[in-house]
Amino acid sequence: MNKSRKIKFNSFLITALLLFSLQSSLYAQDIHFSQFNASPLNLNPALTGGFDGDLRLIGNHKRQWLTFTNAYRTFSVSADARLNQLQLYRSNISVGLLFNNDVAGDANFSTNQIKLAASYNYMLSRDSALNASVGINAGFNQHNINYNLLTFGSQFNGNQFDPNLTSGETFTNDNVNYFDVSAGLGLSYIFNPKFAANTGFSFNHINKPNQSFSDLSDIGLYQKYTIHGGLDWRFTRDLTLYPSAIYQYQGKLTELNLGALLKMNIDNISFHAIYFGGWMRAKDAGIVEIRFDYRMFNIGISYDINYSDLNVASNGRGGLEISIIYIYKKHRELRLPYYKRCPVYM
């Protein structure tokens, strides 16, 4: 085999291995973001309505492994609202809507998800310091692949790839649809005006839906278990630290993220605060992040710096991620609950 043919053959092998690796990871992993706290409906359905306001709109976008051709491109948008806002109630119900889109690989393997979410929050203590929530989301998933964009070894004529040669492969379906259900729990406690803590657990893909493209096989989607938590630690009037962690387990894969954000309040009519921080994703990547509170928006920008074995191919370039959160809060007067008056006898 001459040098030119050897180079072309090696290029083919590398491409095939990358496609195989990418396809395997697509089946094994859920859509996820480095800024996991900025995508609460993806993190845990119990976090639906977990904000101070009436309506929350969130957009997330991530491009992962920028040195790879057609690597992960992920987009998410969600909306959630609290249905009863009077603080005199010990409980409230929230609802939400979530849409995710992910595209990766030379064959444009795509995932589309649309889910409805609902949660119930209850104050466990009279002073409202201890709160618990339970949530559920359910919806439809679709996977799609374009086989016409793939190339195969049988199309290599000895010198180069010939698209006119048959691939020798037979495919029955180019898309698959299934129904998916997830649930979660949340707990938060305010120790004092300067210190609070929260934790949660979510159980995804409870029904283990079949995601196989073949009618002759059954490939169940692995159930995923997530534990997350964080602290709200206010040092001074203008400085607050937000440590957080997340652990996820799905199939044979695990992921652990540890990190923190430091918030600095700004005395400005438009810019209210700036956040600096980062996380470490165990055995995979470091994440640096900066956020802003601008009027009614919270905007975050982060970047993954890869240090795993994949660093040889990625050159350390993990991925750029952006999140935008908008919270609307209606001004309202506090109204006491209606009580039937008892007659006064004199």
Q. In the stretch 215-227, which residues are in contact with a strand residue (DSSP E or B) (Cβ under 9 Å, 6 or more places away or on another chain) and part of a loop (DSSP other than H, G, I, E, B)?
A. 217, 218, 219, 221, 222, 223
(Q) For the stretch 150-196, which positions are within 28 Å of the chain's Cα centre (by Cα), of a type in the set (A, V, I, L, M, F, W, C) and closer than 24 Å to residue 217 by Cβ? (A) 176, 179, 181
Q. Any residue in the stretch 117-125 that is over 30 Å from residue 63 (Cβ atoms) and assigned to a loop (DSSP other than H, G, I, E, B)?
A. yes
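Any chance you could count how many residues in the stretch 228-266 are polar (S, T, N, Q) and assigned to a loop (DSSP other than H, G, I, E, B)? So that I can check it myself, show each step before the final result.
Of the stretch 228-266, the ones polar (S, T, N, Q) are 236, 240, 244, 248, 250, 254, 257, 265.
Then keep just the ones that are assigned to a loop (DSSP other than H, G, I, E, B); that gives 236.
Final tally of qualifying residues: 1.
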Q. Does residue 134 qualify as being over 15 Å from residue 181 (Cβ atoms), at pLDDT 95 or above and either surrounded by fewer than 19 Cβ atoms within 10 Å (Cβ to Cβ) or touching a helix residue (DSSP H, G or I) at 6+ places or on another chain (Cβ under 7 Å) (or both)?
A. no
**Q.** Listing of strands (runs of 3 or more DSSP E) fully contained in the stretch 7-114 that carry 1 or more residues being of a type in the set (Gly, Ala, Ser), modelled with pLDDT under 95 and touching a helix residue (DSSP H, G or I) at 6+ places or on another chain (Cβ under 7 Å)
**A.** 91-104
Q. Does residue 140 count as assigned to a loop (DSSP other than H, G, I, E, B) and in contact (Cβ under 8 Å) with a residue 40 or more places away in the chain?
A. no
Q. Residue 213: surrounded by 16 or more Cβ atoms within 10 Å (Cβ to Cβ), modelled with pLDDT of 95 or more, under 30 Å from residue 145 (Cα atoms) and aromatic (Phe, Trp, Tyr), yes or no?
A. no
Q. Does residue 119 satisfy the condition of being surrounded by 19 or more Cβ atoms within 10 Å (Cβ to Cβ), touching a residue at least 24 places away in the same chain (Cβ under 8 Å) and touching a strand residue (DSSP E or B) at 6+ places or on another chain (Cβ under 7 Å)?
A. yes
Q: Check residue 141 against each of (1) more than 20 Å from residue 246 (Cα to Cα); (2) surrounded by fewer than 16 Cβ atoms within 10 Å (Cβ to Cβ) and name the one condition it does not meet.
A: (2)
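The values are calculated or read from the model by the stated rules, or taken from the named source; none is laboratory data. Values in this document were obtained by computation on a predicted structure and should not be read as measured data. FYI the Cβ positions are ideal-geometry reconstructions off the backbone, even for glycines, and counts take in every protein chain you see.
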